[in-house]
Protein chains: 2
Amino acid sequence: MSRYEIRIGGFGGQGVVTMAVVLGETLSLIEKKFVVQTQSYGPEARGGASKSEIVVGDVEIDYPKVMAPDVFIALSRAAYLAYITGLKENGILIIDEDLVEIEGDLPDGVNVYKIPATRIAEQEVGNKQATNVVMLGVLCAITKIVTNEGLRQRIEERWPRFKESNLKALELGLKAGEAALASQ
Amino acid sequence: MSRYEIRIGGFGGQGVVTMAVVLGETLSLIEKKFVVQTQSYGPEARGGASKSEIVVGDVEIDYPKVMAPDVFIALSRAAYLAYITGLKENGILIIDEDLVEIEGDLPDGVNVYKIPATRIAEQEVGNKQATNVVMLGVLCAITKIVTNEGLRQRIEERWPRFKESNLKALELGLKAGEAALASQ
């Protein structure tokens, strides 16, 4: 893997930044990759939108910005509309199917995975704030860019007091991602 | 303010990334600035070192990486040694005086502020993990790049369950920063 780019977009309160930080920490501290992880806030942040990017590689990252993401995770319609055109051809699009609809043209060959991440967090974990951890599990199952074991370890280290519900969210996300992958 | 650059370096567990994320959120969501906030993890992260950068501006940030920081906050000797040469001439250096000593030559005209942030967090807040919030208060007092009110609001929103000790940490950091400024 020379360079792999991930973009996550949503609205404030969905934990987009935390999701990217935990993913970046797992990839670097545990999986020993080189990682640059960026939040850019601009006028769109003022409307409550939130975007976070990760560039991962086996060697040092020369250019820190995402150019054309391999994966785009869209947790809001605004984020979907703003960033869908940047997705790489044959890239992976993961959307929260209760919050985002496919509109307009997609780049050629994109694989779309629709996951009710917020619903899973709310109804099965009992905590809507775990949506971002559900999506980490989904990302792990679909892309294999990060390992399940690495994410489990980082979640336990980072949130010792909330590890039970976060590990459950991760597990449910993995299952949802595997199911979506199997049904393609 | 066209462009202002902040670099924070320390070791794992000091909350360097969280400090930068909270600062970035405050500057963007509350103070309406343009912000890019980056974590870069490389081989040095494997030794437990941690670095985070923020670029702030009144207009969109064209180049997302810190070139020569206006402020460098060093919370570990390793971070100090790795990044001190990059500090801008006449820039601001803030160190945790119990963890970092001034070694070697500083860039010309640098103002040095020595703050026992970890000791304040441990002894006065009663929670070593609040070191990063103490340092946010110090940064606010010394640079005025962010407002006390903005930081208070963001801390209350972000950590409703831990707001009391975090607001205390912020307050103690502000006082320590003001005292250091007055004694220059």
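Results, tabulated for the structure shown:
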{"read-out": "Within chain A: Cβ-based charge dipole about Cα centre, in debye rounded to nearest 20 (Lys, Arg +1; Asp, Glu -1)", "value": "460"}
{"read-out": "Calculated label separations, residue B:165, copies of the chain, 7 Å along the beta-carbon direction, nm", "value": "1.9"}
{"read-out": "Relative contact order [Cα under 8 Å, 6+ residues apart], segment B:134-184, whole percent", "value": "59"}
{"read-out": "Residue of chain A nearest the A-to-B rotation axis [by Cβ], rounded angstrom distance", "value": "A:38, 2"}
{"read-out": "Cleavage-rule hits (trypsin sites (Lys or Arg not before Pro)) in segment A:1-108: DSSP loop, at most 14 neighbouring Cβ within 10 angstrom", "value": "A:32"}
{"read-out": "Which listed pairs, of A:33/B:65; A:32/A:88; A:128/A:175; A:51/A:114, have C-alpha distances above 23 Å, in listed order", "value": "A:32/A:88"}
{"read-out": "Within chain A, percent of DSSP bridges classed antiparallel, to nearest 5", "value": "50"}
{"read-out": "Theoretical FRET efficiency, 1/(1+(r/R0)^6), r = Cβ-Cβ of residue B:111 and residue B:32, R0 35 Å, to 0.05", "value": "0.80"}
{"read-out": "Total formal charge among the other residues, if their Cβ is under 13 angstrom from that of residue B:2, Lys/Arg +1 and Asp/Glu -1", "value": "-3"}
{"read-out": "Under 15 Å from residue B:163, Cα to Cα: aspartates and glutamates that are on another chain or at least 8 residues apart", "value": "B:149, B:171"}
{"read-out": "Estimated 222 nm signal from helices in the protein assembly as shown, with DSSP H stretches of n ≥ 4 weighted -39500 (n - 2.57), rounded to 500", "value": "-10500 deg cm²/dmol"}
{"read-out": "Cα-based shape type of segment A:4-182, given that a ≥ b ≥ c are square roots of the gyration tensor eigenvalues and the cut on a/c is 1.5", "value": "rounded"}
{"read-out": "Segment B:116-130 versus segment A:143-184: alpha-carbon centroid distance in Å", "value": "33"}
{"read-out": "Difference of contour (0.36 nm per residue) and Cα-Cα distance, residue A:63 to residue A:162", "value": "32.1 nm"}
{"read-out": "Residue-count net charge about residue A:54 - beta-carbon cut-off 12 Å; Lys, Arg +1, Asp, Glu -1", "value": "+1"}
{"read-out": "Copies compared at residue A:111 - label distances in nm, ascending, label defined 7 Å from Cα in the Cβ direction", "value": "5.5"}
{"read-out": "Pseudo-label separations to other copies for residue A:81 - Cα-to-Cβ vector, 7 Å, nm", "value": "5.3"}
{"read-out": "Environment charge at residue B:115 (Cβ cut-off 12 Å; Lys +1, Arg +1, Asp -1, Glu -1)", "value": "-1"}
{"read-out": "Contact order relative to length of chain B, as percent, for alpha carbon pairs under 8 angstrom and 6 or more apart", "value": "21"}
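Every read-out reported here was derived from the displayed coordinates using simple, explicitly stated rules and does not represent laboratory data. In this text the structure is predicted, and so the values were computed from the model without any measurement. Note: ideal-geometry Cβ built from the backbone for every residue, glycine included; neighbour counts use all protein chains shown.
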